[in-house]
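Below is one structure, written out as structure tokens; the observations come after it.
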Amino acid sequence: MEDGKPVWAPHPTDGFQLGMIVDIGAGALTIEPFNRKGKTFLASMNQVFPAEEDVNKHMEDNCSLMYLNEGTLLNNVRVRYSKDKIYTYVANILIAVNPYYDIPKLYAPETIKSYQGRSLGTLPPHVYAIADKAYRDMRVLKMSQSIIVSGESGAGKTENTKFVLRYLTTSYGTGQDIDERIVQANPLLEAFGNAKTVRNNNSSRFGKFVEIHFNEKSKVVGGFVSHYLLEKSRICMQSKEERNYHIFYRLCAGASEDIRQRLHLDSPDSFRYLNRGCTRYFASKDTDKQIMQNRKSPEHVKLGALKDPLLDDQGDFNRMCGAMKKIGLDDTEKLDLFRVVAGVLHLGNIDFEETGSTSGGCILMNQSSQKLAYCADLLGLDQEDLRVSLTTRVMLTTAGGAKGTVIKVPLRVEQANNARDAMAKAVYSCLFDHVVRRVNQCFPFKTSSNFIGVLDIAGFEYFEHNSFEQFCINYCNEKLQQFFNERILKEEQELYQREGLGVNEVHYVDNQDCIDLVEAKLVGILDILDEENRLPQPSDHHFANTIHSQHKDHFRLTVPRKSKLAVHRNVRDDEGFIVRHFAGAVCYETIQFVEKNNDALHMSLESLVCESKDKFVRELFENSNNSKDSKQKAGKLSFISVGNKFKQMHTEHPSLTSCHISPPPVFVYGLCVP
Ligand SMILES: Nc1ncnc2c1ncn2[C@@H]1O[C@H](COP(=O)(O)OP(=O)(O)OP(=O)(O)O)[C@@H](O)[C@H]1O
């Protein structure tokens with residue numbers, strides 16, 4: 001870098017600003033910004049980067065820039081974005097910036113056609129080009145391929161995943177309705193697995209790996225969706241501006257009067273599992289008028305509908321019903337799904353109070369009898385059995401003369417509340433498993449030669465207040481980043497070295513230390529949390545203290561009062577911790593960590609649901625993963641670790657860590673414009 005040449009220097013809010021070096025000191029440079037002549041400032045050498053001669057010129061591939069650094073890369077993407085060119089390459093990697101509006105013709109059928117069979121780089125960067133490359137590589141190499149879509153929440157991962165699926169099924173389908181079914185499955189999955197968050201009105205709260213399978217002629221023969229870890233805490237509780245899963249509101253807004261009465265539905269504010277979050281529907285001006293007044297919450301009436309060009313609860317309900325029909329769900333099965341959703345809502349409205357007797361324990365409040373009856377009826381349970389199972393817990397004695405004797409232990413109000421919520425979470429997550437299973441049955445295939453897989457997991461999240469959900473999601477993203485580092489940075493550089501190319505070594509931050517901090521045996525945060533759960537009196541405070549004492553001088557971990565943000569500095573050491581992730585530091589507040597880490601449903605409730613009179617409900621439990629958990633815990637401490645399920649996911653599903661493919665996967669990196 002020389003005096004007088006344009007450079008990118010740090011800017012407190014914009015990231016970088018364009019300026020000129022006016023003096024080179026020992027370790028620091030004096031920079032004069034172009035737009036503020038005379039106002040010089042100092043910047044350290046390693047934060048200043050050479051800029052291109054013409055900063056308004058843009059390149060389709062960042063690798064074609066004269067200087068490739070953080071400043072030029074960001075500027076190139078920014079200039080392109082301002083011209084509605086949201087896609088940019090970095091060689092085989094596609095960067096996508098969320099435009100938050102429909103760019104005309106960007107995904108039109110003629111655009112799909114134009115990308116078919118064209119090599120990367122011959123047409124403007126596009127997610128279609130990435131899909132086509134994966135397809136051509138699959139044909140040439142006769143090997144399955146994967147596309148990894150990564151980025152923070154709201155960056156556009158799911159939208160781009162859908163574009164890939166549509167591209168492949170439209171371009172290389174057989175013209176049978178199987179192609180259409182694969183695309184139709186999305187509204188159903190989204191209704192049950194997506195929710196409004198503060199970052200994204202349609203946030204996927206589960207990870208998925210969608211495989212499109214091809215026959216020996218490389219034509220689409222079917223698909224398969226694997227899903228990972230639905231966010232269960234949302235079923236019972238959401239923060240003020242967030243919502244539960246879309247299906248709850250869509251059912252309340254869109255169900256026919258007949259279904260509404262059969263399921264005893266009401267407006268969202270009348271259900272505990274909805275009314276602590278946002279109770280407004282998504283609707284346009286017109287569709288809002290079509291929703292009957294008695295279906296709207298006072299909050300909706302006062303503030304009006306939530307607005308999003310892609311969401312409309314009533315319309316989406318009808319579209320979802322259409323999609324269900326298309327993929328082969330008949331009216332009975334449709335009603336089965338809705339029945340369980342409504343059953344969960346009524347279950348949440350059951351309240352308990354102290355018995356007042358010396359034995360402790362609790363009973364159902366008087367006004368909950370009706371809710372109990374609704375819930376029992378909808379889930380095919382015996383009312384009295386449900387009442388008893390919610391307020392007592394069956395235990396087998398394991399010692400003494402009476403070993404093996406069944407005793408009923410009365411539950412305190414707080415324990416009964418937990419049991420009720422655990423049951424709601426178990427029922428809903430089994431229902432979600434069923435929806436995914438059912439979707440998979442809709443595009444069956446006998447044999448396939450290869451597949452193209454698209455991985456879309458919940459993106460990196462950081463809010464003012466971050467809890468256990470953000471911790472788990474960010475841990476997954478940390479693993480994905482590591483995979484990216486390994487496959488792209490490390491292996492590519494090793495290849496250059498082997499081939500004797502004189503390419504300068506690219507330095508990158510290895511995040512193994514951060515991953516170890518979370519998952520190391522015994523001392524990792526997840527194991528410390530599990531240990532806390534096993535204590536007779538687990539406490540979030542004790543958990544936070546243990547983490548700090550265990551990792552006092554860890555580079556990646558620190559106490560909240562060291563945060564750059566004032567709001568976190570008020571969090572006490574025993575109330576939280578900060579992790580320095582690859583994408584930035586996040587302050588986690590540990591309140592409810594212990595509770596949220598426990599996925600256990602006590603045995604009496606589980607047996608009750610497993611023996612439901614209703615075949616649909618019974619089968620939900622028989623076929624779901626929960627049955628595995630119940631074997632694991634039979635006769636043991638009633639604790640199933642959510643955190644460790646996240647950890648296992650990476651070992652049980654190698655697709656998430658090694659992608660079971662030998663050519664490097666194609667990455668799509670999403671960016672959000674704040
Ligand atoms: N290419 C695009 N064109 C138009 N709008 C888009 C595009 N990509 C994303 N959006 C808009 O941004 C919203 C968020 O995108 P999306 O749901 O794909 O994010 P995500 O990265 O999957 O987030 P999460 O991790 O929370 O699920 C979409 O609902 C849509 O409104």
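The values are calculated or read from the model by the stated rules, or taken from the named source; none is laboratory data. Since we're looking at a predicted model, the values are computed, not measured. With ideal geometry, Cβ positions are generated from the backbone for all residues, glycine too; neighbour counts draw on all protein chains shown. With ligands, DNA and RNA removed, areas are computed over all heavy atoms of the protein, side chains included. Shrake-Rupley method; radii C 1.70, N 1.55, O 1.52, S 1.80 Å.
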Quarter of Cα convex hull surface for the range 435-518, i.e. mean projection, nm²
10.0
Against the longest alpha carbon principal axis of the chain, how many degrees, from 0 to 90 and to the nearest 10, is the axis of helix 642-652 turned?
60
Out of Ile93, Pro104, Ser114 - ranked by how far each Cα lies towards the positive end of the dipole of the range 74-114, with unit charges on the beta-carbon of charged residues - the top one is Ile93
Note down the magnitude of the dipole of the range 399-543 about its Cα centre, charges +1 on Lys and Arg C-beta and -1 on Asp and Glu C-beta and zero elsewhere, to the nearest 20 debye.
1260
What do you get for the angle between helix 127-141 and the principal long axis of the chain? Use alpha-carbon atoms, 0 to 90 degrees, nearest ten.
90
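How many percent of DSSP beta bridges within the chain run antiparallel, rounded to 5? Display every interim value, and only then the final one.
Details: 56 of 73 bridges.
DSSP beta bridges in the chain are roughly 75 percent antiparallel.
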Give me the angle, in degrees from 0 to 90, between the Cα long axis of helix 331-348 and the longest principal axis of the Cα atoms of the chain, rounded to the nearest 10.
80
Largest-first ordering by accessible area, 1.4 Å probe, given options Thr358, Thr158:
Thr358, Thr158
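Note down the net charge around Pro124, summing +1 for each Lys or Arg and -1 for each Asp or Glu among other residues with Cβ under 15 Å from its Cβ. Walk me through the intermediate numbers first.
Numbers: positive: Arg80, Lys83, Lys85, Lys105, Lys113, Arg118, Lys133; negative: Glu60, Asp61, Asp84, Glu110, Asp132.
Residues near Pro124 contribute +2 overall.
Can you give me the % of accessible surface on the chain that is carbon or sulfur? Probe 1.4 Å, all protein chains present, nothing else counted.
Details: 16180 of 30830 Å².
Of all accessible area on the chain, carbon and sulfur atoms account for 52 percent.
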Report the extension gain between Asp266 and Glu110 in nm, rounded to one decimal, defined as 0.36 nm multiplied by the number of residues separating them, less their alpha carbon distance.
51.6 nm
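Using only C-alpha atoms and all pairs of different ones, pull out the Kirkwood radius for the range 520-632 in Å with one decimal. Show your work: numbers first, answer last.
On the way: mean 1/r = 0.0609 Å⁻¹.
Computed over Cα pairs of the range 520-632, the Kirkwood hydrodynamic radius comes out at 16.4 Å.
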For the chain, restrict the atom set to alpha-carbon positions and state the Rg and Dmax in Å.
27.1, 90
From Cα pairs below 8 angstrom and at least 6 apart in sequence, can you work out the relative contact order of the range 183-303, rounded to a whole percent?
21
The farthest towards the positive end of the charge dipole of the chain, of the residues Tyr228, Ser624, Leu557, given +1 on Cβ of Lys and Arg and -1 on Cβ of Asp and Glu, is Ser624
Report relative contact order for the range 528-598 in percent, whole number only (criteria: Cα-Cα under 8 Å, sequence separation at least 6).
34
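Order of 160-167, 345-352, 61-68 by packing, highest average Cβ count within 10 Å first? Each step should come with its number before you reach the end.
On the way: 160-167: 22.0, 345-352: 23.9, 61-68: 14.9.
In decreasing order of mean packing, 160-167, 345-352, 61-68 become 345-352, 160-167, 61-68.
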For a quick protection proxy, order the peptides 512-524, 25-37 by their average other-Cβ count within 10 Å, most packed first.
512-524, 25-37
If I take the Cα coordinates of the range 147-198 and project them onto the principal axes, what are the three extents in Å, biggest first?
40, 23, 11
Asp54 to Lys490: FRET efficiency via 1/(1 + (r/R0)^6), r the Cβ-Cβ distance, R0 25 Å, to the nearest 0.05?
0.15
Tally Lys/Arg at +1 and Asp/Glu at -1 over every other residue whose Cβ is under 9 Å from the Cβ of Asn349; what's the total?
+1
